[in-house]
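K.L.:
What follows is a structure written as structure tokens; I'll ask about it next.
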Amino acid sequence: MAEAFASLSLLYPGRIFLGIGSGEALNEQASIGSWPKWPERSERLVEATEIIRKLWTGEQIAHTGKYYNVNARLYDPPAGPIPLLMAANVGPKAMYRSGQYGDGLVTDPETWKMHQAEFEKGAKDAGKDPEQMLVLVELFVVVGDENDAKTSAELWRFLPKAFKSYFNIRDPQAIQNQATADLPLQKVYGKWPISTDPDVHVKALVEQFKSGATIVNVHSGQTDQKHVIEFYGKHVLPRVHEQLKEA
């Protein structure tokens, strides 16, 4: 990861960040055959973060830790600092950890609303100013009506419980089956902005920025992605910029 993002930073200086998290069995257990409990995965994440930052200095690194032994050097280090954003979608412990060890946060609107204080406390306890840190919030939207929302929600059926219980399930078909049994579609899309009225989408984005988010990633499960992108580019983002300037 350190090498890959160092290379990306040379190709796109000042335009990238690295987002990392404690993982999902869907990926980790499937690829390496093991799936430790969250405390160990969290410790591994923190130690890996330390190693990545050391490697980005371009110096020879000799690291002997609890989980990793690394003797390596990157001969083409990053052109400049790469923000390292740590994911937290589970609860207060992950939010505190992200503030303490990350340069910023990747999260969802609900977790951000409930546990923002924990992220800020983690940052302050580490001697950082949380107001100067990046906060990326992932927002799911539908440019259309409720039928479009149902179609999109079918693709994201697992989302409400993705980081509450499904992250421990290795088999993607088992996740899909469980989500279909657990989650009616309305439960999936119930809090998404759903409309062809730009103001509905503008309001949702502005709310996130005013809450302290510095980046809002807009997700749509709709088939016509070009339509969604053009709708946001022409009718939503200009109004968002205008309202934020006025604020």
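Every read-out reported here was derived from the displayed coordinates using simple, explicitly stated rules and does not represent laboratory data. Everything numeric in this text was worked out from a predicted model, so none of it was measured. Heads up, the Cβs are rebuilt from the backbone with ideal geometry, glycines too, and the neighbour counts pull from every protein chain shown.
K.L.:
What's the magnitude of the charge dipole for segment 128-247 around its Cα centre, counting Lys and Arg as +1 and Asp and Glu as -1 at the beta-carbon? Answer in Debye, nearest 20. All intermediate terms of the calculation are to be shown ahead of the outcome.
P.N.:
Working: 14 positive and 16 negative charges, 69 e Å.
Roughly 340 debye for segment 128-247.
K.L.:
Only sites in a loop by DSSP and with at most 11 other Cβ atoms within 10 Å count here; which trypsin sites (Lys or Arg not before Pro) in segment 79-183 make the cut? Display every interim value, and only then the final one.
P.N.:
Values: sites: LYS93, ARG97, LYS113, LYS121, LYS124, LYS128, LYS150, ARG157, LYS161, LYS164, ARG170; in loops: LYS128, ARG157, LYS164, ARG170.
Passing both the DSSP loop test and the Cβ count: LYS164.
K.L.:
Which one of GLN186, THR196, GLN225 has its Cα pushed farthest toward the positive end of the charge dipole of segment 128-247, where Lys and Arg give +1 and Asp and Glu give -1 at the Cβ?
P.N.:
GLN186
K.L.:
Right, another one. Mind checking the dipole of the chain: about its Cα centre, +1 per Lys or Arg Cβ, -1 per Asp or Glu Cβ, Debye to the nearest 20? Could the numbers behind the result be given before it?
P.N.:
On the way: 27 positive and 31 negative charges, 92 e Å.
Using Cβ point charges on Lys, Arg, Asp and Glu, the chain gives about 440 debye.
K.L.:
Anything over 18 Å Cα to Cα? Flag those among LYS161/LYS191; LYS128/LYS210; LYS203/LYS234, in the order listed.
P.N.:
Values: LYS161/LYS191 14 Å; LYS128/LYS210 21 Å; LYS203/LYS234 16 Å.
Violating the 18 Å Cα-Cα cut-off are LYS128/LYS210.
K.L.:
Now for a separate question. Using only DSSP helix segments of four residues or longer, with each worth -39500 (n - 2.57), what per-residue ellipticity at 222 nm results for the chain after dividing by its residue count and rounding to 500?
P.N.:
Numbers: 11 runs with 116 residues, N = 247.
Mean residue ellipticity at 222 nm (helix-derived): -14000 deg cm²/dmol.
K.L.:
Within a Cβ distance under 12 Å of GLU40, other residues only, what is the Lys/Arg minus Asp/Glu net charge?
P.N.:
On the way: positive: LYS37, ARG41, ARG44, LYS66; negative: GLU28, GLU43, GLU47.
Summing Lys and Arg as +1 and Asp and Glu as -1 gives +1.
K.L.:
From the list [x] 31, 19, 17; [y] 32, 24, 17; [z] 27, 20, 19, can you say which value of semi-axes √(5λ) of the Cα gyration tensor in Å was derived from the structure given?
P.N.:
Working out semi-axes √(5λ) of the Cα gyration tensor in Å from the coordinates points to [y].
K.L.:
Which of the three applies to segment 22-148, rounded, prolate or oblate, going by the alpha-carbon gyration tensor with a ≥ b ≥ c and a/c under 1.5 meaning rounded? Before the final figure, lay out each step's value.
P.N.:
Details: a/c = 1.73, a/b = 1.45, b/c = 1.20.
The shape class here is prolate.
K.L.:
Mind checking which aspartates and glutamates have their Cα closer than 15 Å to the Cα of LYS164? Skip sequence neighbours fewer than 8 apart in that chain.
P.N.:
Straight-distance partners of LYS164: GLU24, ASP108, GLU110, ASP182.
K.L.:
Once you place label points 7 Å from the Cα toward the Cβ at TYR67 and ASN217, how far apart are they in nm?
P.N.:
Placing both labels 7 Å beyond Cα along the Cβ direction yields 2.0 nm.
K.L.:
Return the single residue from GLN208, GLN60, GLN100 with maximal mean-square fluctuation; model: Gaussian network over the chain, springs between Cα atoms under 10 Å.
P.N.:
Highest fluctuation of the listed residues: GLN60.
K.L.:
Once a ≥ b ≥ c are taken as the square roots of the eigenvalues of the Cα gyration tensor of segment 66-119, is the result rounded (a/c under 1.5), prolate (a/b larger than b/c) or oblate (a/b not larger than b/c)?
P.N.:
Working: a/c = 3.62, a/b = 1.97, b/c = 1.84.
Cα axes put segment 66-119 in the prolate bin.
K.L.:
Taking Cα centroids, how far is segment 152-212 from segment 32-57 in Å?
P.N.:
When both Cα centres are located, 28 Å separates them.
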